[in-house]
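Worksheet: the structure to be examined is printed underneath.
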Amino acid sequence: MEAVVFILSLVDCCALIFLSWVIPEMVGQCLSMMLMLVSMHWFIFLLNMPVAAWNIYRYMRIPMGNMGVFDPTEIHNRGLLKSYMKEAMIKLGYHLLCFFIYLYSMILALINE
């Protein structure tokens, strides 16, 4: 059962690396979090919690009428491009870290079975 949980988490993490839309990213992060909660992997669950909370915060912060977080007409006017790039790089680093944690845990679970 542990191997299946980590395989699903690994696939979810691969999808999250390439997602930049708020709602699918939020659903994928919460799915990964629930998998870790159900399988009682508390450290990885706590590792995922701040990112899920950040995704929910970003979703709540989108103004009505906007299609997403990044408004292409305002990015260069306000100088927000640098902050958006910093957020994207932090997200990429986090998901790569989670990818290797899930990969290690999956291999460990497959060896132990």
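The values are calculated or read from the model by the stated rules, or taken from the named source; none is laboratory data. Here the structure is a predicted model, which is why all the values come from computation and not from measurement. Glycine gets a Cβ as well: all are built from the backbone with ideal geometry, and neighbour counts include every protein chain shown. Protein only, heavy atoms only, side chains kept; ligands, DNA and RNA dropped before computing areas. Shrake-Rupley method; radii C 1.70, N 1.55, O 1.52, S 1.80 Å.
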Practice problem: Specify which residue in the list GLY79, MET49, TYR104 is farthest towards the positive end of the charge dipole of segment 48-113, using unit charges on the beta carbon of Lys, Arg (+1) and Asp, Glu (-1), about the Cα centre. | Solution: GLY79
Practice problem: Over segment 1-82, with every protein chain in place, what whole percent of the accessible area is carbon and sulfur at 1.4 Å, could you tell me? | Solution: 75 percent
Quiz item: Mind checking the angle between helix 42-61 and the chain's longest principal axis? C-alpha axes, 0 to 90 degrees, to the nearest 10.
Solution: 20 degrees
Quiz item: Against the longest principal axis of the chain, how steep is helix 22-38, in degrees 0 to 90 to the nearest 10, with axes from Cα atoms?
Solution: 20 degrees
Self-check item: Area of GLU74 that stays accessible when all protein chains are in place (1.4 Å probe, Å², to 10)
Solution: 60 Å²
Self-check item: Accessible solvent surface per residue of segment 1-43, calculated while the other protein chains remain in place, 1.4 angstrom probe, Å²
Solution: 58 Å²
Quiz item: Hey, if we sort TRP54, TRP42 by accessible area with the 1.4 Å probe, largest down, what's the order?
Solution: TRP42, TRP54
Exercise. Mind grabbing the accessible area of ILE23 for me, 1.4 Å probe, Å², rounded to tens?
Key: 90 Å²
Exercise. For segment 105-110, just list the computed ³J(HN,Hα) in residue order, Karplus coefficients 6.51, -1.76 and 1.60, θ = phi - 60°, integers in Hz, with x standing in for Gly and Pro.
Key: 5, 5, 4, 5, 5, 5
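Report the net charge of residues surrounding LEU16, where surrounding means a beta-carbon distance below 10 angstrom and charges are Lys +1, Arg +1, Asp -1, Glu -1.
In short, -1.
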Quiz item: Dipole of the chain, Cα-centred, from +1 at each Lys and Arg C-beta and -1 at each Asp and Glu C-beta, to the nearest 20 debye?
Solution: 420 debye
